[in-house]
Amino acid sequence: MLQSVPMYSYIPAKDMARARRFYEDKLGLRPKEETNGGVVYEFAGGTAAFLYPTPNAGTSQASQAFWSVQDVDTEMQLLKSRGVQFENYDDMPGERSPQGAIIAGGAKAAWFKDSEGNIMALIQTLSNG
């Protein structure tokens, strides 16, 4: 039943103004609406994320969410030009792409932290041939 309905992510923020500057200025997201002290951002396929205030932002050591993109290296280059800094996980197995993404397990992936310390990712599924 749950797989037949959209799923939304929550993105915690300690400082909403700072977080909005990151998501809107650096990532280029445009808010759909402001509600309950937070901001909703819509994405393809009827998906969305809710950026909301909480003192617990940045406490997870795992990825909060990822964007499924067509070309990780192109997205990385664009985001780097906007000041986004990508994480370098030297202990992670796999080859490295020209932009520094990890290629392993049929995917190419790159991670960055937002202004609140949340880990976000770009993932590209690679074809098998």
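The values are calculated or read from the model by the stated rules, or taken from the named source; none is laboratory data. As the structure is a computational prediction, the values presented were derived from the model and not from experiment. Counting neighbours? That spans all protein chains shown, and the Cβs are built from the backbone with ideal geometry, glycine included. Side chains included, ligands, DNA and RNA excluded: accessible areas come from the protein's heavy atoms. Shrake-Rupley method; radii C 1.70, N 1.55, O 1.52, S 1.80 Å.
Pairs of lysine residues in the chain that meet both criteria, 8 or more places apart or on different chains and Cα atoms under 16 Å apart, total 4.
Extension gain for Phe50-Ala62 works out to 2.5 nm (0.36 nm per residue, less the C-alpha to C-alpha distance). Calculated from the alpha-carbon coordinates, the stretch 50-100 shows an Rg and a Dmax of 13.7, 37 Å respectively. When nucleic acids and ligands are ignored and a 1.4 Å probe is applied, Val5 ends up with an accessible area of around 80 Å². Convex hull of alpha carbon positions in the stretch 1-79: directionally averaged projected area 6.5 nm². Ile103 exposes around 50 Å² of accessible area when a 1.4 Å probe is run over every protein chain in place. Normalising the average separation of contacting C-alpha pairs (under 8 angstrom, six or more residues apart) by the number of residues puts the relative contact order of the stretch 78-127 at 27 percent.
If the only charges are +1 at each Lys and Arg Cβ and -1 at each Asp and Glu Cβ, what is the size of the charge dipole of the stretch 78-124 around the Cα centre, to the nearest 20 debye?
Charge dipole, the stretch 78-124, about its Cα centre: 240 debye, nearest 20.
Each Lys or Arg adds one and each Asp or Glu takes one away; over the other residues whose Cβ falls under 9 Å from the Cβ of Phe22, this sums to 0.
Entry note, the chain: relative contact order of 26 percent, from Cα contacts under 8 Å with a spacing of 6+ residues. Projecting the Cα atoms of Ile119, Ala65, Gly37 onto the dipole axis of the chain, where Lys and Arg carry +1 and Asp and Glu carry -1 at the beta carbon, places Gly37 farthest toward the positive end. Against the chain, whose longest principal axis comes from its Cα atoms, helix 72-81 is set at around 60 degrees.
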